[in-house]
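What follows is one structure encoded as structure tokens, with my remarks underneath.
The values are calculated or read from the model by the stated rules, or taken from the named source; none is laboratory data. Just so we're clear, the structure is a prediction, and the values are computed from it rather than from any experiment. In this analysis, Cβ positions are derived from the backbone assuming ideal geometry, glycine residues included, and neighbour counts consider all displayed protein chains. Side chains included, ligands, DNA and RNA excluded: accessible areas come from the protein's heavy atoms. Shrake-Rupley method; radii C 1.70, N 1.55, O 1.52, S 1.80 Å.
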Amino acid sequence: MRANYKLQRLYCDLPLAEGGSIDPAPQQSHYLVSVLRLRQGSEILVFNGRDGEWRATVRLHGRKKASLVIGERERPQPEQSGLLFCFAPLKTGRLDYLVQKAVEMGAGIIQPVITHHTQLTKMGNKRMAANIIEAAEQCGVLAVPEYREPLRFDALLRGWDAQRHLIFCDEAADTDNPLQKLAAMEQRRLGILIGPEGGFSDDERLQLKALPFVTAIPLGPRILRADTAAVAAMTVVQATLGDWQDKKR
């Protein structure tokens, strides 16, 4: 079922059920009352990443506080995406963009990876969580991705589940067409790994290519920035192996 984009959406990490009432966090009340300027009886959509999406009615309590009365459920909770998105963190502004696009493109798990050429090694977990929630609110996403603590490249590979196939983007590939490689793969649990602006080191590339569960793909004839490469990679993977596929097939 498609999202209803006529109403504002709000993430609240509280149990949701028809007829119930919830009190959003103070900053969320401020957002409803002072930013959106919702009135008594206004309707919004609310979700918590577990119970689906619900239509809710705003109840004002003075000038700063609002509660929400839960009405009918608009959409059931979908299954969480199985796509594991791994990436080398970028500078802050572009990092925000990259994480938001990963949510929009259907990542189920978001995993930062520290590589040899990674520019940013410390990340604000609260900022990342806020970016994920904001993207989910704006794009109708109900299955909010899991955010994981950054891992070193070697640790990622050591702990990798060999039953999950890992696709990494290799600018040194001998072809420009990623579909040639992806068409030969079976649909299964997948991971995508995006390198840093400087690319993977020679040692990292050798480690990846030595593993039986890893496939290297190109992303066309041009060199892409890391955030652009992330969107391009997720697009071709979702279109060929992921949840863009016709479920009736």
Notebook entry, point to check: If you take the residues in region 195-223 that are open to solvent by less than 60 Å² (accessible area, probe 1.4 Å) and aliphatic (A, V, I, L, M), which one is farthest from GLY106 (Cα to Cα)?
Noted result: LEU211
Checklist line | Within region 60-94, considering residues that are aliphatic (A, V, I, L, M) and in contact (Cβ under 8 Å) with a residue 40 or more places away in the chain, the one nearest to LEU38 (Cα to Cα) | finding: ALA66
Next item on the list: Answer yes or no: is there a residue in region 162-170 that is among the aromatic types (Phe, Trp, Tyr), part of a helix (DSSP H, G or I), in contact (Cβ under 8 Å) with a residue 12 or more places away in the chain and open to solvent by less than 90 Å² (accessible area, probe 1.4 Å).
Entry: no
Next item on the list: Looking only at region 32-58, count how many residues are touching a residue at least 12 places away in the same chain (Cβ under 8 Å), more than 15 Å from LYS6 (Cβ to Cβ) and not in a strand (DSSP E or B).
Entry: 11
Check: So, in region 176-194, of the ones that are exposed (fewer than 11 other Cβ atoms within 10 Å of the Cβ) and in contact with a strand residue (DSSP E or B) (Cβ under 9 Å, 6 or more places away or on another chain), which residue ends up nearest to GLN111 (Cα to Cα)?
Finding: GLU186
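Give me a count of the residues in region 110-127 that are in a strand (DSSP E or B) and either surrounded by fewer than 16 Cβ atoms within 10 Å (Cβ to Cβ) or aliphatic (A, V, I, L, M) (or both).
Pass one, region 110-127, residues in a strand (DSSP E or B): 110-114.
Now drop any that are not either surrounded by fewer than 16 Cβ atoms within 10 Å (Cβ to Cβ) or aliphatic (A, V, I, L, M) (or both), which leaves 110, 113-114.
Residues meeting the conditions: 3.
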Margin query: Suppose we filter ALA107, ALA25 for residues that are open to solvent by less than 40 Å² (accessible area, probe 1.4 Å) and modelled with pLDDT under 95; which single one remains?
Written below: ALA25
Check: Which condition number in (1) at pLDDT below 95; (2) touching a strand residue (DSSP E or B) at 6+ places or on another chain (Cβ under 6 Å) is the one that LEU98 fails?
Finding: (2)
Notebook entry, point to check: Restricting the search to region 8-22, which residues are within 18 Å of PRO76 (Cα to Cα) and open to solvent by 40 Å² or more (accessible area, probe 1.4 Å)?
Noted result: GLN8, TYR11, ASP13, LEU14, PRO15, ALA17, GLU18, GLY19
Next item on the list: Identify all residues within region 59-104 that are in a strand (DSSP E or B), crowded, with 16+ Cβ neighbours inside 10 Å and acidic (Asp, Glu); write none if there are none.
Entry: GLU74
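Restricting attention to region 149-156, does a residue exist that is in contact (Cβ under 8 Å) with a residue 60 or more places away in the chain, within 27 Å of GLY220 (Cβ to Cβ) and surrounded by fewer than 16 Cβ atoms within 10 Å (Cβ to Cβ)?
First, pick out the residues of region 149-156 that are in contact (Cβ under 8 Å) with a residue 60 or more places away in the chain: 150, 156.
Then drop every residue that is not within 27 Å of GLY220 (Cβ to Cβ), which leaves 156.
Narrowing further to those that are surrounded by fewer than 16 Cβ atoms within 10 Å (Cβ to Cβ): none.
Within region 149-156, not a single residue is in contact (Cβ under 8 Å) with a residue 60 or more places away in the chain, within 27 Å of GLY220 (Cβ to Cβ) and surrounded by fewer than 16 Cβ atoms within 10 Å (Cβ to Cβ).
Does GLU137 satisfy being touching a Cys at 6+ places or on another chain (Cβ under 8 Å), surrounded by fewer than 19 Cβ atoms within 10 Å (Cβ to Cβ) and within 17 Å of PHE47 (Cβ to Cβ)?
Details: touching a Cys at 6+ places or on another chain (Cβ under 8 Å): no; surrounded by fewer than 19 Cβ atoms within 10 Å (Cβ to Cβ): yes; within 17 Å of PHE47 (Cβ to Cβ): yes.
In short, no.
Scan LYS126, LYS122, LYS181 and give me the residue that is charged (D, E, K, R), under 20 Å from the mean Cα position of the chain (by Cα) and over 30 Å from ASP51 (Cα atoms). Outline the logic, then answer.
Details: LYS126 fails: over 30 Å from ASP51 (Cα atoms); LYS181 fails: under 20 Å from the mean Cα position of the chain (by Cα).
The unique qualifying residue is LYS122.
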Checklist line | Of all residues making up region 203-230, the number that are within 17 Å of GLN119 (Cα to Cα) and of a type in the set (D, E, K, R) | finding: 3
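Name every residue in region 144-161 that is part of a loop (DSSP other than H, G, I, E, B) and not basic (Lys, Arg), in order of residue number. Even if it seems obvious, please write down each step before you answer.
Step one: list which residues in region 144-161 are part of a loop (DSSP other than H, G, I, E, B), which gives 144-145, 148-150, 159-161.
Answer for region 144-161, where residues must be part of a loop (DSSP other than H, G, I, E, B) and not basic (Lys, Arg): VAL144, PRO145, GLU149, PRO150, GLY159, TRP160, ASP161.
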